[in-house]
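Every number in this text was worked out from the coordinates using simple rules, so none of it is lab data. What you see is a predicted model, and the numbers here were worked out from it, not measured in a lab. Note: ideal-geometry Cβ built from the backbone for every residue, glycine included; neighbour counts use all protein chains shown.
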Amino acid sequence: MQVVVRCFASVRELFGQDQLTVELHEGATLRDLESALATRHSDFARLPLARAVNRAYAKLDTPLKDGDEVAFIPPISGGAASPRFSFVQSPLDPRGLETEVRSDA
């Protein structure tokens, strides 16, 4: 079966397209689709995303059907791709902290 993946923001930048068509086995779930996309581009698995199937928010165990439209929706604003925390045993260095949170945005 084939599903159409709509790509927004960071997902579009990652795959370089607004839309993808993905071939999946019958009975595949949203989790299977995510695995297939992570195989195409390993950074996909690290993105903080909401998911929708046919314009309704969906969970990873949602079964997919031929022709379904799936959207992976990044955070509206903010949302780091990786966690910003660390455990330290020494005193904090203010300059180091500033470097971690500085943004040109």
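Criterion applied to ALA36, ALA58, ALA28, ALA50 was being in contact with a helix residue (DSSP H, G or I) (Cβ under 6 Å, 6 or more places away or on another chain), without any contact (Cβ under 8 Å) to a residue 40 or more places away in the chain and not basic (Lys, Arg), and the one residue passing it is ALA58. The set of residues in segment 31-48 being among the small types (Gly, Ala, Ser) and surrounded by 13 or more Cβ atoms within 10 Å (Cβ to Cβ) consists of SER35, ALA36, ALA38.
Of all residues in segment 1-25, exactly one satisfies the criterion of being touching a residue at least 60 places away in the same chain (Cβ under 8 Å) and among the charged types (D, E, K, R), namely ARG6.
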